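Visitor: Encoded as structure tokens, here's the structure I'll be asking about.
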Amino acid sequence: MEEVHFNWHIPVFRSNLNSYEKIYVLEHWLRRLIYVALTAEHGKEWKGALPQEIYSKIKLRLNDTRNLSYLKIDNDLPFNEIWLTSLEETLEIINEKRLRKAIGRITKYTNKVLSREIEKIIEIRNVIAHNRVVLANTPEMIDGVLKVLSGAINNLNSYIAGSHPSTECLGKFENCITKGVKEDPIANIFEIRANQLPEKELPFLVLEESDYFYHIYCWWGATDESSLQVSRILFSLRSITDLLTAVAVNPAVFYPNLDPEDFFEHTLRFTWPKALDLDDQVRTVETIMIETRSDYLWGDCPIEEQNYLVLANPLVWLQL
């Protein structure tokens, strides 16, 4: 690609395009981090934990977007407030004292390191946002920030999307098991509902526990070219959307040491906060366990070709 090309007689520089793409990706990860930390500490009441001044500004922006329906902006998503923050506001939220513990445990990074690198990005982003030409080495400067933050991003992604099971334990799974979960009401509900489910070979359902969240991991085997349909997953979960933190979708997980018919080709991992009350916890578990056993979730359209607005839903964490 040329270093510069002309669009309607205006020079467009590759360094600007490359820089914006990198910042676009980083901002999404920072907003994901905020949403995860807020729900970790406050459950579905996370909006009340936003700094009041920022929340007031966000509500005004949210009202403004209601006049932009022709842009297909979904104003009913329960986490729109996070995706309407500026990068400066994102940094301010990350530095909230009430979130520092959760952010530290999830990313294994200190707020000092996160803040220092985000401040570097803010300076570059402001230049790009005001249509100023950036230096040819600006993408490399951003890469330096991303290199520092890559550990935090990878830790966040692993925390939510999960690590895949070892090949040693795959053959030992029953259709529904608990993994690393202490004896508590949620584990009991999971096991009771598992025994009540109609017999069906797949998916395998595993209840997991982390510091701030519960997770249900679902595994399927080969499915004759069918793919999980993200829009159908979200539609099936519409009654608990405001309770979930993330739905991680991994369309292809291969285990070369296993026989071809034994590997798991598709996985979903649902994450929701322990901070929910017991009734909401039970409703979340039951809904996930019932809906994931439906053939309705499957279709012929590969994930990469599905509606991009659905794939961009902040609740969806695609592992592609």
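Visitor: Considering only segment 1-100, give the helices (runs of 4 or more DSSP H) lying wholly within it that have at least 3 residues that are of a type in the set (Gly, Ala, Ser) and at pLDDT 90 or above.
Guide: Once the helices (runs of 4 or more DSSP H) in segment 1-100 are filtered for at least 3 residues that are of a type in the set (Gly, Ala, Ser) and at pLDDT 90 or above, what remains is 14-42.
Visitor: Got a sec? Which of ILE189, ILE153, ILE160, ILE177 is at pLDDT 85 or above and more than 30 Å from THR110 (Cβ to Cβ)?
Guide: Only one candidate qualifies: ILE189.
Visitor: Under 6 Å between Cβ atoms, at least 6 apart or on separate chains: pull out the pairs that start in segment 294-320 with a residue that is outside the structural domain of LEU38 (by TED's automatic domain parsing) and end on any residue that is in a loop (DSSP other than H, G, I, E, B) and modelled with pLDDT of 90 or more.
Guide: Matching pairs, first to second residue: GLY299/GLN229.
Visitor: Let me ask something else about it. Filtering segment 240-274 down to residues that are at pLDDT 90 or above and assigned to a loop (DSSP other than H, G, I, E, B), which residue is nearest to the chain's Cα centre (by Cα)?
Guide: My answer is THR245.
Visitor: Give me the pairs: first residue in segment 1-23 and crowded, with 17+ Cβ neighbours inside 10 Å, second residue part of a strand (DSSP E or B), beta-carbon distance under 6 Å, and six or more apart or on different chains, which are they?
Guide: Every condition considered, the pairs that remain are PHE13/VAL4.
Visitor: Another question about this same structure. Taking segment 113-139, which residues are under 25 Å from the mean Cα position of the chain (by Cα) and among the charged types (D, E, K, R)?
Guide: ARG116, GLU117, GLU119, LYS120, ARG125
The values are calculated or read from the model by the stated rules, or taken from the named source; none is laboratory data. The shown structure was predicted, so the numbers you read here are calculated from the model rather than taken from an experiment. Because the Cβ atoms are built from the backbone with ideal geometry, glycine has one as well, and the counts that use them run over all protein chains shown.
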